[in-house]
Structure formats: C-alpha cells, structure tokens
1. If the Cβ limit is 8 Å and pairs must be 6+ apart or interchain, which residue in the stretch 9-36 that is in contact (Cβ under 8 Å) with a residue 60 or more places away in the chain pairs with which residue that is assigned to a loop (DSSP other than H, G, I, E, B) and open to solvent by less than 90 Å² (accessible area, probe 1.4 Å)?
2. Could you please tell me which pairs satisfy a Cβ distance under 6 Å, a separation of 6+ or placement on different chains, a first residue in the stretch 39-61 that is in contact (Cβ under 8 Å) with a residue 12 or more places away in the chain, and a second residue that is aromatic (Phe, Trp, Tyr)?
3. If Ala13 satisfies all but one of (1) of a type in the set (Gly, Ala, Ser); (2) part of a helix (DSSP H, G or I); (3) open to solvent by 50 Å² or more (accessible area, probe 1.4 Å), what's the number of the condition it fails?
4. Would you mind telling me which numbered condition in (1) within 21 Å of Gln88 (Cβ to Cβ); (2) exposed (fewer than 14 other Cβ atoms within 10 Å of the Cβ) Lys21 fails?
5. Could you look through the stretch 41-74, keep only residues that are surrounded by fewer than 18 Cβ atoms within 10 Å (Cβ to Cβ) and hydrophobic (A, V, I, L, M, F, W, C), and pick out the one that is nearest to Ala10 (Cα to Cα)?
6. Are any of the residues in the stretch 68-80 at pLDDT below 90, more than 11 Å from the chain's Cα centre (by Cα) and not in a strand (DSSP E or B)?
7. Name every residue in the stretch 24-40 that is open to solvent by 20 Å² or more (accessible area, probe 1.4 Å) and part of a helix (DSSP H, G or I), in order of residue number.
8. Of all residues in the stretch 75-92, which are small (Gly, Ala, Ser) and open to solvent by less than 60 Å² (accessible area, probe 1.4 Å)?
Amino acid sequence: MKVLVVDDDAVSARVVEAVLKRIGHEVVLLDQALGAMGAIAREKPDVALIDVKMPGLGGDRLATILVARHPGLPVYLHSPLPAAELEQIVRA
C-alpha cells in the first residue's frame, strides 16, 4: 500500500515513515499541505495520513479538499493534540 504522509514536523514524519515501512508500506512524505494535490496525481497513494496542525493550509482543511476532489481516497488525520480538541477541529 502506498501512503501519503503530510506532516510539517520532521521527527514525527520520520517516525511515521519508519513504522509504515517496517510493516511493508511505501511512503511518500510531504512537509507541507501545498503540493499534496500534485503528489496525489503523480504518486497515486492508496491512503493519506495528514497532520492536523500545520502552518498555512492546515490538515483539517486539506482533508476537506482531498475528500471533495478524491472521494475514493481514505484520508486520516493525526496529531498529538488531546482527543477533545481534535474532535472540535473535525466537527468545525
């Protein structure tokens, strides 16, 4: 499975990449939301894993765009934020 990981925190991105590769997945890393649409067209990932809090275009907004433009692409958000705060972001 090919996974698009979008995360501005280099350490978090590398940890996620290492875990996914260890279990046999191919990983495409982006350090910002800009460029995600091009990466999807070029790399054709099976799933996207996106950090919620990023400068500029946040992960929650990027996820909304991806779901609208690529309805078959599963999109998952991740963050070290507390669950209650993440729930508020997702519901907004």
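1. Close Cβ pairs (under 8 Å, with a partner that is assigned to a loop (DSSP other than H, G, I, E, B) and open to solvent by less than 90 Å² (accessible area, probe 1.4 Å)) amount to Val16/Asp7.
2. Close Cβ pairs satisfying both conditions: Leu49/Tyr76.
3. Single failed check for Ala13: (3).
4. Evaluating Lys21 over (1) within 21 Å of Gln88 (Cβ to Cβ); (2) exposed (fewer than 14 other Cβ atoms within 10 Å of the Cβ) leaves (1) as the failure.
5. Selected residue: Leu57.
6. Looking through the stretch 68-80, at least one residue is at pLDDT below 90, more than 11 Å from the chain's Cα centre (by Cα) and not in a strand (DSSP E or B).
7. Met37, Gly38
8. Residue satisfying the conditions is Ser79 alone.
The values are calculated or read from the model by the stated rules, or taken from the named source; none is laboratory data. What you see is a predicted model; the values in this text were computed from it and never measured. Glycine gets a Cβ as well: all are built from the backbone with ideal geometry, and neighbour counts include every protein chain shown. Heads up: the accessible areas ignore ligands, DNA and RNA and are worked out on the full protein's heavy atoms, side chains in. Shrake-Rupley method; radii C 1.70, N 1.55, O 1.52, S 1.80 Å.
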